[in-house]
Amino acid sequence: MTTVIDSKAADHPAEAGDATWWRQATVYQIYPRSFADANGDGIGDLSGITSRVPYLKRLGVDAVWLSPFYPSALADGGYDVDDYRDVDPKIGTLDDFDEMVAALHAAGIKLIVDIVPNHSSNRHVWFQQALAAGKGSPERDRYIFRDGLGENGELPPADWTAMFGGPAWTQVDDGQWYLHLFAEEQPDFNWQNRDVRDDFLTTLRFWSDRGVDGFRVDVAHGCAKDLPDVLPSQAALDATPTTDGQHPLWDRNEVHDIYREWREVLNEYDPPRIAVAEAWVASAERRARYASPDELGQAFNFDLLEADFDAGQFLEIVSTNLAEAKIAGSSTTWVFSNHDVVRHATRYGLPPLNGRDVKQGADWLLSGGTTPELDIVTGLRRARAASLFMLGLPGSAYLYQGEELGLGEVADIPADQHQDPAFFHNPGVDPGRDGCRVPLPWTRSGDSFGFGSAEAHLPQPSWFARLSVEAQDDDPASTLNLYRRALALRDELQTAESLEWLESESADVLHFRRPNGWEVVTNFGTEPIALPEGEVLISSGDLGDGMLPGETTVWLKN
Ligand code: NOJ
Ligand code: CA
């Protein structure tokens, strides 16, 4: 089924050491506590990552994005940072970090680290100082403190709800309240304070000096806030548009001053350090601002992650985002799975959303994985087809650990073993995100399927055995080997950042051609179609004789 082409594309854009390496990179997200556990305490660690660099090299990724590894009480999976310039002793040391960077770089793999500027943890030394120093102090000004309402300030300054549910304002001992848009343990910084700005510049230099190649910027759209003396109600906030840069909390125009300053620091390095914004904004146009070359350079586009497996939706999303990225001078990013959403092999086995604005898979997770009924076979077939479609697109592809195994979401984690604040703050409404954070299965058997020598920190289901790396390693038809072959071919075929849509025989089929004759055809329907002309390079499922079956992608060379 697979024929490897023998000549390298003449205009291969990204060579090592070049400043544009990120534009069409394949980036693999590691959630460090769930990847590999080297010291057998049940928690993934940096030495575990180092030990698996050969796996990453064979997989063929260009870069790793590492979710937070900083000291943290894990109130939000590490997105509650105690110290931005250290490693969590539970998962390693700065020396382990240096060893990991050296091993990745020796394998030709870049490293992007997560940075969390909207909020620290409540254990951060600055928050502790703010509590101790009291009302009106410069220490308190680094966060967002307010007096309460009511006769004695006993009511919160506003009725706002935090992103994980529950109130967004929490009272401290002397009666003042602080803002946390996420968990109570995640106080929001005041980005109008110069100390905050300078400290993050120091952090960018700290990791860049240690060899880090770039940063993934958490909640990039939240840092700039403009809070009037009399705060609006939650209802008023909800009714305020986020389209014009004037919302008190989200995607304010001034947020871009912050990132222009960051860019100056990132450009002190050779090659310049890259950055990718996590920015949930109202339009592709608003997103493009974060991605401009004088700011972060790239921004996540979550549109495919929110779409059904549907040709019309995919066509619209790809066309819009390619056009917007071009205007911004950036390249676009594609994502199907990450540590916040239900894995796509599961999403695609559930009924389509058809435009409903709900979290895909939430009902199913809340039912413990019973309702609606999951079609595992269809989910995996579509996930393979979608991933192969994405890997042919111009721009960067962001993969989430385990998707190369076709791993599904784990729905039967017992309530008392959950970790995600979203699960606890909104009982019965938000199922939380633990189901996509279950430690990876490396072997068919063993205490934690080869994750480590102890039981994993989140329970792994028995079906992980057949999806383990060991079970897939030698099977040419496995999802792991599909990804390996696709990434090797992608590297060989990579070409200028554009595509041309070609006519296809039905509205359920998308067919595009890259400038060097690399073609990608996806049949989103269920009926087979005639296979278009060309040399077959790879396909996401078996091809019938001269046919492209339903829910299958093929790469052709013409
Ligand atoms: C986005 C991260 O991806 C998510 O995991 C985290 O909970 C929030 N930001 C808050 O930091
Ligand atoms: Ca460990």
Taking Cα atoms only, helix 94-106 is inclined relative to the longest principal axis of the chain by an angle, in degrees rounded to 10, of 30
Site Asp41, offset 7 angstrom along Cα→Cβ, radius 14 Å on amide nitrogen, limited to region 47-73, gives 47-48, 70-73
About its Cα centre, region 133-214 carries a charge dipole, from +1 on Lys and Arg Cβ atoms and -1 on Asp and Glu Cβ atoms, whose size in debye to the nearest 20 is 340
Arg444 and Asp357 label points (each 7 Å along its Cα→Cβ direction) are spaced in nm at 4.9
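Would you work out if region 477-527 is rounded, prolate or oblate? Take a ≥ b ≥ c from the square roots of the eigenvalues of the alpha-carbon gyration tensor; rounded if a/c is under 1.5, else prolate when a/b is larger than b/c, oblate otherwise.
oblate
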Hydrodynamic calc, the chain: Kirkwood Rh from Cα pairs, then Stokes-Einstein at 25 °C with viscosity 0.890 mPa s, so D in µm² s⁻¹ is 101
Sequence order, region 25-33: Karplus ³J(HN,Hα) from phi using 6.51 cos²θ - 1.76 cosθ + 1.60, θ = phi - 60°, Hz rounded, Gly and Pro as x, gives 6, 9, 10, 10, 7, 10, 9, x, 6
So the angle from the long Cα axis of helix 479-493 to the longest Cα principal axis of the chain, reported in degrees to the nearest 10, equals 80
Once phi for every residue in region 528-541 is put through the Karplus expression 6.51 cos²θ - 1.76 cosθ + 1.60 (θ = phi - 60°), the whole-Hz ³J(HN,Hα) values, with Gly and Pro written as x, are x, 10, 5, 5, x, 4, x, 6, 6, 9, 6, 9, 7, x
For Ala236 and Glu151, extending 7 Å from Cα along the Cα-Cβ vector and measuring point to point gives, in nm, a value of 2.5
Farthest towards the positive end of the dipole of the chain, among Pro352, Pro187, His105 and with Cβ unit charges of +1 on Lys and Arg and -1 on Asp and Glu, lies the Cα of His105
Answer in debye to the nearest 20: the dipole magnitude of region 443-558 about its Cα centre, from +1 Lys/Arg and -1 Asp/Glu charges placed on Cβ, is 300
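What FRET efficiency would be calculated for the residue pair Arg210, Asp294, taking the C-beta separation as r and a Förster radius of 22 Å, to the nearest 0.05? Before the final figure, lay out the partial values.
Values: r = 25 Å, r/R0 = 1.13.
In this case the efficiency is close to 0.30.
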Between Arg194 and Leu315, Cβ-based FRET efficiency (R0 56 Å, step 0.05) works out to 0.75
Asserting the computed 222 nm helical MRE of the chain (DSSP H runs at least 4 long, -39500 (n - 2.57) per run, divided by residue count, to nearest 500) equals -7500 deg cm²/dmol
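Pairs of Cα atoms under 8 Å, at least six residues apart: use those to get the relative contact order of region 29-101, whole percent.
On the way: 106 pairs, mean separation 21.2, N = 73.
It comes to 29 percent, rounded to a whole number.
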Once Lys and Arg are counted +1 and Asp and Glu -1 for all other residues with Cβ under 12 Å from that of Met100, the total becomes -3
Between the Cα axis of helix 311-328 and the main Cα principal axis of the chain, the angle (0 to 90°, nearest 10) is 60
Length gained, Ser283-Arg466, 0.36 nm per residue minus C-alpha separation, equals 61.8 nm
For the chain, the charge dipole (Cβ of Lys, Arg +1; Cβ of Asp, Glu -1; about the Cα centre) points to a positive end, and the Cα of Leu489, Gly435, Phe524 closest to that extreme belongs to Leu489
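Set the Förster distance to 51 Å, then compute FRET efficiency between Leu94 and Ala496 from the Cβ-Cβ distance, nearest 0.05. Intermediate results must be reported in sequence, preceding the final value.
Working: r = 40 Å, r/R0 = 0.79.
Calculated transfer efficiency: 0.80.
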Answer in debye to the nearest 20: the dipole magnitude of region 234-340 about its Cα centre, from +1 Lys/Arg and -1 Asp/Glu charges placed on Cβ, is 180
Long-range amide H partners of Thr552, meaning residues 5 or more apart or on another chain whose placed amide H is closer than 5 Å, are Asn523
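Coordinate-derived values only; no laboratory data. If you're wondering where the values come from, they're calculated on a predicted model, not measured in any experiment. Because the Cβ atoms are built from the backbone with ideal geometry, glycine has one as well, and the counts that use them run over all protein chains shown.
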